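Here is the structure we will look at.
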Amino acid sequence: MVGYKDIGIDLGTANSLVYLKGKGIVLREPSVVAVNTDNNKILAVGTEAQKMIGRTPGNIIAIRPMRDGVIADFDTTYNMIKYFLGQVPEISGFFSKKRVVICVPADVTSVEERAVKEAAIQAGASEAYILEEPMAAAIGVNLPVEEPTGSMIVDIGGGTTDVAVISLGGIVASKSIRTAGDELNSAIINYIKQQYNLMIGEPTAEHIKVSIGSAYNLKEGLTYNVKGRDLVSGLPKNIVITEEEIYYALHETIKKIVEAVKACLEKTPPELASDVMDRGIVLAGGGALLKGLDRIIAEETGIPVFVAEDPLSAVVLGTSKMIENIDKLKGIITKKRYSRR
Ligand code: ADP
Ligand code: MG
């Protein structure tokens, strides 16, 4: 009998996670690759590359290959997978067969999907399977995906928000939009630029969002001391911004996410929609951690909303459950197996 190393990978637009059977989640790094544009050489991947964002000289760019659900190019994706697998000592050995279940954003094309499988094989996997992300997220948060009942999962990541209703092991209705955490950050950057003539970088916007951002006007009176560059004088400047201002800054983007949930409900057959009404909606992905998002979606849809216990890990935990039952659950892996020979 061949001993396999069974590996689950969540290639998210913002974060990549790796699960190893028997070990648990063994890696969590940003999906970022830093490239020198003079010679196209990859300088860093993951956390190291993330540190370079906004701090690089002109000839170094930071690429997020999975951003916005579009896989930038094969080489970058391949190098990213190879680097992540190489980071885990228990995986990196040459003499073990690796069976990999990979999740990619829901709206990738079949060409992109093939490219990811091929990249995984070239990076050392002997077998690679692609699992649709909403399915993985739903399995990861313990929704009864195989039962004849409608379960709704909303995965708010960095580049995309994916809404899906699942029943009997299949996706019955879905809606995917390229609006999620990144766009919330852009909304903060734009607001501060327009209101205060202050330029801030993406990491600052992210920090503001995580610290005082909310999707609901909670009126908790929080404030944040923002450091940026004055657009008029060109010099560093500090301002104090309130939680309520950020709430207004995020409002339009939040509305798009709420609309996507509604659009998916409209596409859902009535019986299954009524299951969702009864059982509620589950939020996953890092965006689920935005304060008040559950509340605004519940209010707008009239359906109870729950935030997953560990929203950032939902997808990779879904792949882990697939791996634990890889033979039994092969039916759920919708796309064909793809292997080296
Ligand atoms: P992806 O699956 O696309 O890689 P993730 O599920 O890892 O995305 O979520 C990343 C997104 O979650 C980022 O946009 C990040 O800003 C956002 N995020 C993480 N933590 C929080 C938080 N506490 N509040 C709001 N947004 C958060
Ligand atoms: Mg994700």
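What follows is calculated from the coordinates using simple rules that are stated; it is not laboratory data. Bear in mind the structure is a predicted one, so any value in this text is a computation, not a measurement. Because the Cβ atoms are built from the backbone with ideal geometry, glycine has one as well, and the counts that use them run over all protein chains shown.
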Calculate the all-directions average of the projected area of the range 125-280's alpha-carbon convex hull, and give it in nm². 12.1 nm²
Among the DSSP beta bridges whose two residues both lie in the range 24-172, what percent are antiparallel, rounded to the nearest 5? 75 percent
Rounded to two decimals, what is the ratio between the C-alpha radius of gyration of the range 224-295 and 2.2 N^0.38 Å? 1.68
Principal axis lengths of the range 75-188 from Cα atoms, whole Å, largest first? 43, 41, 27
Return the percentage of antiparallel bridges among DSSP beta bridges fully within the range 90-179, rounded to the nearest 5 %. 70 percent
How much length, in nm to one decimal, is gained on full extension between Leu218 and Ser274, taken as 0.36 nm per residue of separation minus their Cα-Cα distance? 17.2 nm
Given a Förster distance of 30 Å, the FRET efficiency implied by the Cβ-Cβ spacing of Leu168 and Asn190, rounded to the nearest 0.05, works out to 0.10
What are the extents of the Cα atoms of the range 1-158 along their three principal axes, listed from largest to smallest and rounded to whole Å? 54, 39, 28
Once normalised by the length of the chain, the mean sequence separation of its alpha carbon contacts under 8 Å that are 6 or more apart gives a contact order in percent of 19 percent
Which three lengths, in whole Å and largest first, does the range 144-195 cover when its Cα atoms are put on their principal axes? 51, 14, 13
Of Arg178, Arg114, Arg67, which has the largest mean-square fluctuation in a 10 Å C-alpha GNM of the chain? Arg114
Using 0.36 nm per residue, how much length does the chain from Val88 to Lys21 gain when fully extended, once their Cα-Cα distance is taken away? 22.9 nm
Indicate the gyration tensor shape class of the chain (rounded, prolate or oblate), computed on the Cα atoms with a ≥ b ≥ c the square roots of the eigenvalues: a/c under 1.5 is rounded; otherwise a/b larger than b/c is prolate and the rest oblate. oblate
Where a ≥ b ≥ c are root eigenvalues of the Cα gyration tensor, a/c under 1.5 meaning rounded, otherwise prolate if a/b exceeds b/c and oblate otherwise, the range 275-319 counts as oblate
Roughly how many nanometres apart are two label points built 7 Å out from the Cα toward the Cβ at Lys267 and Ala298? 2.7 nm
Convex hull volume of the range 8-88 per residue (C-alpha atoms, cubic angstrom): 83 Å³
Divide by every residue of the chain the summed helix terms, -39500 (n - 2.57) for each DSSP H run of at least 4, and state the resulting mean residue ellipticity at 222 nm, rounded to the nearest 500 deg cm²/dmol. -11500 deg cm²/dmol
Over all directions, the average projected area of the alpha-carbon convex hull for the range 168-255 comes to how many nm²? 7.2 nm²
Please enumerate, by chain and number, the lysines with C-alpha under 30 Å from the C-alpha of Lys98, excluding those fewer than 8 residues away in the same chain. Lys5, Lys21, Lys23, Lys41, Lys82, Lys117, Lys321, Lys328, Lys330, Lys335, Lys336
Determine the alpha carbon to alpha carbon distance for each of Lys51/Lys237; Lys193/Lys262; Lys209/Lys262; Lys175/Lys267 and list only those over 20 Å. Lys51/Lys237; Lys193/Lys262; Lys209/Lys262
